[in-house]
Amino acid sequence: MSMEQAIITWIHLVSAAVWVGGSLFIGAVLAPLLKKTSMSLEERIQMMVQVGRRFNKIAVPSLVILIITGLYNSQQVLTNPENLLATSYGSFLLVKILLVIALIIAFIIHVRIIRKDVEEKIISKKMTEGQIQKLRKKIIILGEIIVIISVVVLFFAALLDAGV
C-alpha cells in the first residue's frame, strides 16, 4: 500500500469515526441522559437541536470527506461499471453506495424536520404538547435510522477492506 493510499484510508477512517461515533453518542448517551433530567420536553428538544446543529458543523464535512475518499478508494471498480455486478467486491460496493444514498436522504429529512422556524416555535411555546411529542418521535426514528444505516455501511466497508 502506498503512503498516499494509507493517508486517504486514514482520512476515511477518521471521518467515519466522527460521523458514526458522534451519531452513536447523541443517540445512545446524550438522548437517554437528557430524558433523566428535570428539563421540560421543550428544553430537552431545544438542547438536542442545539447539540445536533453543533455536531453537524463537523458531521457534514466528515460525511462529504467520507464520500470523496470512498469514491477515490473505489475508482478502480467504478471506472469499469460491469465489475459492480460481476464481482462480490462490486456487489458489496453497490450495496454500500445505495446505503450511503439512503443515509444522505434520511439525514436531509432529519435536518429539514428541525428547521429554524420549528425551533423558534418550540422556544416561543407555539407548539402543543402533542405536536412536540410527534416531532420528538420523528427525530428519534430518523436518528435511529441514520445510526443503523451508518453501522451497516461500516460493516460493508469492512467486507470491502477484507476483499470478501
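Could you please report the charge total around V118, scoring K, R as +1 and D, E as -1 over all other residues with beta-carbon less than 11 angstrom from its beta-carbon?
+3
Relative to the dominant Cα principal axis of the chain, helix 88-113 is inclined by about 20°.
Annotation: amide H of S74 has no partner in the under-5 Å range at sequence separation 5 or more or interchain, hydrogens built in the peptide plane. For the range 117-162, the Cβ-based charge dipole about the Cα centre amounts to some 340 debye (Lys, Arg positive; Asp, Glu negative; other atoms uncharged). The mean sequence separation of alpha-carbon pairs under 8 Å and at least six residues apart, normalised by the residue count of the range 1-148, gives a relative contact order of 33 percent. Qualifying chymotrypsin sites (Phe, Trp or Tyr not before Pro) in the range 95-157, where qualification requires a DSSP coil assignment and no more than 16 other C-beta atoms within 10 Å, are lacking entirely.
How do the peptides 148-154, 50-56 rank, highest first, by the average count of neighbouring beta carbon atoms within 10 Å per residue? Can you show the working numbers first?
On the way: 148-154: 17.6, 50-56: 14.7.
Peptide ranking by packing, descending: 148-154, 50-56.
The R112 and K57 beta-carbon pair, evaluated with R₀ = 25 Å, returns a calculated FRET efficiency of approximately 0.90.
Relative to the longest principal axis of the Cα atoms of the chain, helix 41-73 runs at roughly 10 degrees.
From the helices alone, meaning DSSP H stretches of at least four residues, give me the mean residue ellipticity at 222 nm for the chain, per-run term -39500 (n - 2.57), in deg cm²/dmol to the nearest 500. Each step should come with its number before you reach the end.
On the way: 8 runs with 137 residues, N = 164.
Computed mean residue ellipticity for the chain: -28000 deg cm²/dmol.
Look at where the Cα atoms of the range 89-133 and of the range 1-48 average out, and the two centres are 15 Å apart. Projecting the Cα atoms of A102, I8, G143 onto the dipole axis of the chain, where Lys and Arg carry +1 and Asp and Glu carry -1 at the beta carbon, places G143 farthest toward the positive end. A viscosity of 0.692 mPa s and a temperature of 37 °C, combined with the Kirkwood radius over Cα pairs in Stokes-Einstein, give a translational diffusion coefficient for the chain of 188 µm²/s. For the chain, the dipole from Cβ point charges (+1 on Lys and Arg, -1 on Asp and Glu) about the Cα centre works out to 880 debye, to the nearest 20.
No lab work stands behind these numbers, since they all come straight from the coordinates. These numbers come from a predicted model, not from an experiment. FYI the Cβ positions are ideal-geometry reconstructions off the backbone, even for glycines, and counts take in every protein chain you see.
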